[in-house]
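Enquirer: One structure, pasted below without further comment.
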Amino acid sequence: MACELDASRCPRCGLLAVPPEPIGCERCGTPAVELGATTVSSTGAVIGHATVYEHVRPEPATRFEVFAVRTDDGPVVRSLLRGAGPGEVTLDDRVEGAIEADRFAFVAAAVAR
Ligand SMILES: [Zn+2]
């Protein structure tokens, strides 16, 4: 089951941001103290992915892929993908967010592609 993601919503322009904006709305400049706290669905469609061959941290071990997903509520979220091998998930495929061992990642959605 897809988890919800913490987000901020701008009261002036309506921009949803994940994670919540710490400084202010990146579209209209409304200060962070005026932004509303909300949650958005972590389910969405893959809009991009890239393979990482070198990384400054030991985890995750390279090579791994980072996916950009446009969530059904609008914000774009970038994260790792679990449960699928290279090339098994690509553009426009449906994925959903899940938290395992306190870490967020996308997994291929149970819904039809
Ligand atoms: Zn705004």
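FYI, it's all coordinate maths here, none of it is from the lab. All values reported here derive from a predicted model rather than from experimental measurement. Counting neighbours? That spans all protein chains shown, and the Cβs are built from the backbone with ideal geometry, glycine included.
Enquirer: It is to be established whether one or more residues within the range 38-59 are touching a Gly at 6+ places or on another chain (Cβ under 8 Å), part of a strand (DSSP E or B) and either over 24 Å from Ile99 (Cβ atoms) or not aliphatic (A, V, I, L, M) (or both).
Expert: no
Enquirer: Can you list residue pairs whose Cβ atoms sit under 6 Å apart, with the first residue in the range 17-31 being under 14 Å from Asp73 (Cβ atoms) and the second being outside any loop (DSSP other than H, G, I, E, B) and within 12 Å of the ligand (Cβ to nearest atom)? Count only pairs 6 or more apart in sequence or on different chains.
Expert: Ala17/Ser8; Pro20/Ser8
Enquirer: For Val52, work out the one condition from (1) more than 14 Å from the ligand (Cβ to nearest atom); (2) in contact (Cβ under 8 Å) with a residue 24 or more places away in the chain; (3) surrounded by 11 or more Cβ atoms within 10 Å (Cβ to Cβ) it doesn't fulfil.
Expert: The failed condition is (2).
Enquirer: Then there's this: Suppose we filter Ala7, Ala17, Ala98, Ala61 for residues that are buried (at least 16 other Cβ atoms within 10 Å of the Cβ) and away from the ligand (no atom under 16 Å from the Cβ); which single one remains?
Expert: So the residue among Ala7, Ala17, Ala98, Ala61 that is buried (at least 16 other Cβ atoms within 10 Å of the Cβ) and away from the ligand (no atom under 16 Å from the Cβ) is Ala98.
Enquirer: For the range 6-22, state whether one or more residues are in a strand (DSSP E or B) and either under 22 Å from Asp92 (Cβ atoms) or of a type in the set (S, T, N, Q) (or both).
Expert: The answer is yes, given that some residue of the range 6-22 is in a strand (DSSP E or B) and either under 22 Å from Asp92 (Cβ atoms) or of a type in the set (S, T, N, Q) (or both).
Enquirer: Something else now. Which of the residues that make up the range 20-41 are of a type outside the set (Val, Ile, Thr) and more than 12 Å from the ligand (Cβ to nearest atom)?
Expert: Pro20, Pro22, Ala37, Ser41
Enquirer: On the basis of being touching a Phe, Trp or Tyr at 6+ places or on another chain (Cβ under 6 Å) and outside any strand (DSSP E or B), does Thr62 make the cut?
Expert: Spelling it out, Thr62 is indeed touching a Phe, Trp or Tyr at 6+ places or on another chain (Cβ under 6 Å) and outside any strand (DSSP E or B).
Enquirer: Going by the conditions given, is Asp73 in a loop (DSSP other than H, G, I, E, B), surrounded by 14 or more Cβ atoms within 10 Å (Cβ to Cβ) and not aliphatic (A, V, I, L, M)?
Expert: Yes.
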